[in-house]
1. Quick one: which residues, 5 or more positions from residue 250 or on another chain, have an amide H under 5 Å from its amide H? H modelled 1.01 Å from N in the peptide plane, none for Pro or chain starts.
2. Starting from the Cα coordinates of the stretch 175-290, work out the convex hull volume and express it per residue in Å³.
3. The stretch 270-360: which GluC sites (Glu not before Pro) are DSSP loop and have at most 14 other beta-carbon atoms within 10 angstrom?
4. Treat the count of other C-beta atoms within 10 Å as a stand-in for reagent exposure and order 327, 10 from fewest to most.
5. Would you work out the relative contact order for the stretch 227-372, in percent, from Cα pairs under 8 angstrom that are 6 or more residues apart?
6. What do the square roots of 5 times the Cα gyration tensor eigenvalues come to for the stretch 96-214, in whole Å, largest first, as semi-axes of the equivalent ellipsoid?
7. Separation between the residue 34 and residue 236 pseudo-spin-labels, each 7 Å from Cα along Cα→Cβ, expressed in nm?
8. Pairs of alpha-carbon atoms within less than 8 angstrom and 6+ residues apart define the contacts here; what relative contact order does the chain have, in percent?
Amino acid sequence: MSAIDKSLEVLEKVQKARRLYKGITLLFSSSTLLIALAVIIVVLLLIILLIPFIIFGEEEKMRYDPSMARWGWMEPKFIDTDGSAYVWPVPTISRITSYFGNRDIGEGAENHKGIDIADGAANTELVPIYAMAAGKIIDAGPAVGYGQVVIVEHENELLSVYGHLDWRMEVKVGDTVEKGQRIGRIGAGRVGRSTGPHLHFEIRLLGVKVNPLDYVKPPSAERYMPLELSYRPMRVDVTLKYLKSRNSALATESILQMIDRAGKEHNVDPHFLVAITGQEQSFVPANKKHADLIARNPWNVFGCWCSGKGAQLTTEESALIAAKTIVKLSQSRPAHVDPVYWLVSRDNPHGYYAEHTGWWIGVKKFYKAILEE
Ligand SMILES: [Zn+2]
């Protein structure tokens, strides 16, 4: 190697070192450092802000899982795609005689892939059953182990199965059914492989039999509500429009959301609560004297908005009390009696909503109008 080559090589090394030095000084120059610092601070802030959201956001999803008998992380399953709860298939019976899982009914241990609903032969035989959600009938007839069976296909890959039914089928394959539509009756006597009349109820998710009690809840004796008055999500826009056309002081989004929450809490249709204010207070016309006070108790709970306890409530409190009262008065209704009439019937052992027995006709009229709006 010549001396020139050598010196060229040295020169190249020097230039390389210089470039490296330049790069390092740029990296540590004050402006680059500031930008890096800002990026780190923003990332840290985001993490700090997200931590409570992650923790508390998840907490709402944590619920009691009856199939596992423990608290766990579960997605809510009780709510149908239409926003209201799935319907218990036998509204008149809340008793479960056999749960999902292992059992022995005298024929050796077996894995019971559904729940049995029954309440003694007299209260069970030929009792009507209802579809837990809207769907399409994909089976209606005899099946091994099920006696007569109806299978309904719902949205979200969900099937509901109703076994040990009466042989007189009330639906056929291909029919579409509404949520809560009557689809048959519980069979009489020993039907299929069973010990007595009962509904064998199954839910299948993606073909797998899952615990129905993760989806439907038996109505507790004091919480039963007829389907026509039970909760459905408030259609805020149309109800608002309806109330505005009547110059109602209740025509605000926040009041309607309050009424929706009260209805949801007690499983009462919020539109029905609004209809009652129509009968009780003509929906509280905004230009009426004391409209602001009446709007705090347009259901006249505790007798009247005008005096005593009834005059000291907020709209939210009176909505909750009205909903709770509707539930109380809905109990013990004979099957042939109109559910709205029952609320003012003098035969109702739980009391009555209004002195005037014609009350129910007005409420029904308003209720129909709001639902059809
Ligand atoms: Zn069963």
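1. Result for residue 250 returns nothing.
2. Dividing the Cα hull volume of the stretch 175-290 by its residues yields 188 Å³.
3. Loop-located and lightly packed - 355.
4. Fewest to most other Cβ atoms nearby, the residues stand as 10, 327.
5. For the stretch 227-372, the relative contact order is 22 percent.
6. Over the Cα atoms of the stretch 96-214, the ellipsoid semi-axes are 21, 17, 12 Å.
7. Taking the simple label geometry, residue 34 and residue 236 are separated by 4.5 nm.
8. 11
Just so you know, all these numbers are worked out from the coordinates, no wet-lab data involved. In this text the structure is predicted, and so the values were computed from the model without any measurement. Glycine gets a Cβ as well: all are built from the backbone with ideal geometry, and neighbour counts include every protein chain shown.
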